[in-house]
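Chemist: Before I ask anything, let me first share the structure, which is written out below as structure tokens.
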Amino acid sequence: MLAGAGHAHLVMMRRWLDAGYRPPAGTVLINPGRAAWYSGMMPGLLAGRYTVDECAIALAPWCRALGIVLVEDSVVALDAANRVITLAHTGNLSYQCLSLNTGSRQPLPALNDGSIGLVPAKPFSAFYQDWQRWHQGSSPRQLGILGGGAAAVELALALRRSLPESELHVFSGKELLHGQAFGLIQRARKLLLARGVELHEGIYIDQIRQGQVVAGGRPVQQLEALVLATGAAALDWYQGSGLVCDDRGFICVSDTLQSASSPEVFAAGDCAAHAGSKKSGVYSVRHGAVLAQNVRAWLSGDALDDYQPQKQALALLSTADGGALMHYAGWTLGGQLMGKWKHYLDQGFMEKHRVSD
């Protein structure tokens, strides 16, 4: 049973298909929709540089090619002791081997009176529907983005371009792009300010009250809508699954990407807690290659491989105008050439992970 069609599972299925491997009869792929969205191209879609079809990968052709049954549904519970997974509409399904690539959610402010419309950036299919409504003429006069990471920067630039009538604010609990290279932080900050985005750095929003975001009891800004791009929080059902989780609620896995408590369960991408891995698509893609080998090996009783996190990860942030900001191994660059490189990499990923009927 494969739960979720994130980057790791797309890579795993690609490896299986290329190797001529077919999973056991009765294998299912569970996903809330019939397509997998590629997060790397989402800002470009909002900025008008891509179409929906260019950013989504149809899952039905994958399932037909591999002999897998596609179940359009969401996981709401897992009973690891009895090897039963519960879906929102389908009900209970039993499994022998389970691979989880079900992602994460955005944390919410601790106190919220419902006076500001909250729009999580994930899942993107739902966020895109809100954005379409805004783009077609009902955009918020005052729009905020909660978060200071790469996703918040890319979304701010894309929304600034596509919603020019909205007053746009970014609220970052620490400095913008905290933990990234100084050069990348400076370039991103300068670009956002030049585009007319108001930055609120070092302000931790912990409450929404009477149409305002509040930090430590102090009202900061009146808003009509707030996009949540606040990093990764565990889905609620992880901790109730019976699987060992870390102190943030994510599923603890060994180097083989197996659950620390249930070896028949694998976890990859944002849902997995693995030393050395970050909540990033770059790491999820690397997880997929190991999953492809290890799920097959577990089913056949063979030895499993260890996942080795990369020491350096490439960061490419879309700037919504065809350009990008890049950081790798201490080097920071920006401009149209970096945007062309990002476009090339994104298109390569999509072409590689599409299957024709």
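Chemist: Looking at the structure I just gave you, is I30 in contact with a strand residue (DSSP E or B) (Cβ under 7 Å, 6 or more places away or on another chain) and surrounded by fewer than 21 Cβ atoms within 10 Å (Cβ to Cβ)? Steps first, answer last, please.
Modeler: Working: in contact with a strand residue (DSSP E or B) (Cβ under 7 Å, 6 or more places away or on another chain): yes; surrounded by fewer than 21 Cβ atoms within 10 Å (Cβ to Cβ): no.
When the stated conditions are applied, I30 does not pass them.
Chemist: Right, another one. Cβ contacts < 7 Å: first residue closer than 21 Å to C97 by Cβ and buried (at least 17 other Cβ atoms within 10 Å of the Cβ), restricted to the stretch 228-248; second residue at pLDDT below 95 and of a type in the set (V, I, T), any location; separation 6+ or different chain. Result?
Modeler: none
Chemist: Also, I was wondering about something else. Can you confirm whether S284 is within 30 Å of R83 (Cβ to Cβ), at pLDDT 95 or above and hydroxyl-bearing (S, T, Y)? If you could, list the steps in order and put the result at the bottom.
Modeler: Values: within 30 Å of R83 (Cβ to Cβ): yes; at pLDDT 95 or above: no; hydroxyl-bearing (S, T, Y): yes.
Criteria not met by S284.
Chemist: If you don't mind, there's one more thing I want to ask. Of all residues in the stretch 173-190, which are out of contact with any helix residue (DSSP H, G or I) (no Cβ under 7 Å at 6 or more places or on another chain) and not in a loop (DSSP other than H, G, I, E, B)? Please lay out each step first, then the result.
Modeler: So in the stretch 173-190, the residues out of contact with any helix residue (DSSP H, G or I) (no Cβ under 7 Å at 6 or more places or on another chain) come out as 173-174, 178-187, 189-190.
Once the filter is applied, which keeps residues that are out of contact with any helix residue (DSSP H, G or I) (no Cβ under 7 Å at 6 or more places or on another chain) and not in a loop (DSSP other than H, G, I, E, B), the stretch 173-190 yields F182, G183, L184, I185, Q186, R187, R189, K190.
Chemist: Which condition does A110 not pass, out of (1) more than 21 Å from Q239 (Cα to Cα); (2) more than 18 Å from the chain's Cα centre (by Cα); (3) hydrophobic (A, V, I, L, M, F, W, C), if it passes all the others?
Modeler: It fails just one condition, (1).
Chemist: Pairs, please: C-beta under 6 Å, at least 6 apart or cross-chain, first residue closer than 15 Å to L59 by Cα and in the stretch 10-21, second open to solvent by 40 Å² or more (accessible area, probe 1.4 Å)?
Modeler: Pairs that qualify, where the first residue is closer than 15 Å to L59 by Cα and the partner is open to solvent by 40 Å² or more (accessible area, probe 1.4 Å), are V11/V285.
Chemist: Considering only the stretch 329-357, state which residues are part of a helix (DSSP H, G or I), open to solvent by less than 30 Å² (accessible area, probe 1.4 Å) and over 30 Å from A65 (Cα atoms).
Modeler: Answer for the stretch 329-357, where residues must be part of a helix (DSSP H, G or I), open to solvent by less than 30 Å² (accessible area, probe 1.4 Å) and over 30 Å from A65 (Cα atoms): M338, G339.
Chemist: Give the residue that is least open to solvent (accessible area, probe 1.4 Å), with candidates limited to residues of the stretch 149-181 that are of a type in the set (K, R) and farther than 20 Å from P107 by Cα. Explain how you work it out, then say what you get.
Modeler: First, pick out the residues of the stretch 149-181 that are of a type in the set (K, R): 160-161, 174.
Subset that is farther than 20 Å from P107 by Cα: 160-161.
Working: R160: 34, R161: 130 Å².
Ranking the candidates gives R160 first.
Chemist: All but one of (1) touching a residue at least 12 places away in the same chain (Cβ under 8 Å); (2) over 28 Å from S318 (Cα atoms); (3) open to solvent by less than 70 Å² (accessible area, probe 1.4 Å) hold for A188; state the number of the condition that does not hold.
Modeler: Tallying (1) touching a residue at least 12 places away in the same chain (Cβ under 8 Å); (2) over 28 Å from S318 (Cα atoms); (3) open to solvent by less than 70 Å² (accessible area, probe 1.4 Å), A188 fails exactly one: (2).
Chemist: I've got another one for you. Could you grab me the full set of residues in the stretch 144-187 that are of a type in the set (G, A, S) and more than 27 Å from R218 (Cα to Cα)?
Modeler: Kept after step one, since they are of a type in the set (G, A, S), are these residues of the stretch 144-187: 144, 147-152, 156, 158, 162, 166, 172-173, 179, 181, 183.
A158, S162, A181, G183 - these are the residues of the stretch 144-187 that are of a type in the set (G, A, S) and more than 27 Å from R218 (Cα to Cα).
Chemist: To continue, here is another question. So which strands (runs of 3 or more DSSP E) are wholly in the stretch 52-142 and hold at least 3 residues that are at negative phi and open to solvent by 60 Å² or more (accessible area, probe 1.4 Å)?
Modeler: Numbers: elements: 56-58, 69-72, 75-79, 84-87, 91-94, 98-100, 117-120.
By residue number, no strands (runs of 3 or more DSSP E) qualify.
So that you can scan it fast, the table gives a plain yes or no per residue for (1) closer than 23 Å to A234 by Cα; (2) within 20 Å of the chain's Cα centre (by Cα):
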site: H274; (1), (2): yes, yes
site: S284; (1), (2): yes, yes
site: D302; (1), (2): no, no
site: A315; (1), (2): no, yes
site: T319; (1), (2): no, yes
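Chemist: Got a sec? Which strands (runs of 3 or more DSSP E) wholly within the stretch 201-256 have at least 3 residues that are under 22 Å from the mean Cα position of the chain (by Cα) and at negative phi? Working first, answer last.
Modeler: Details: elements: 207-209, 212-215, 218-222, 225-228.
Correct list: 225-228.
The values are calculated or read from the model by the stated rules, or taken from the named source; none is laboratory data. Keep in mind it's a predicted model, so treat the numbers as computed, not measured. Ideal geometry is used to build each Cβ from the backbone, glycine not excepted, and the neighbour counts take in all protein chains shown. Just so you know, the surface numbers come from the protein's heavy atoms only, side chains and all, with ligands and any DNA or RNA stripped out. Shrake-Rupley method; radii C 1.70, N 1.55, O 1.52, S 1.80 Å.
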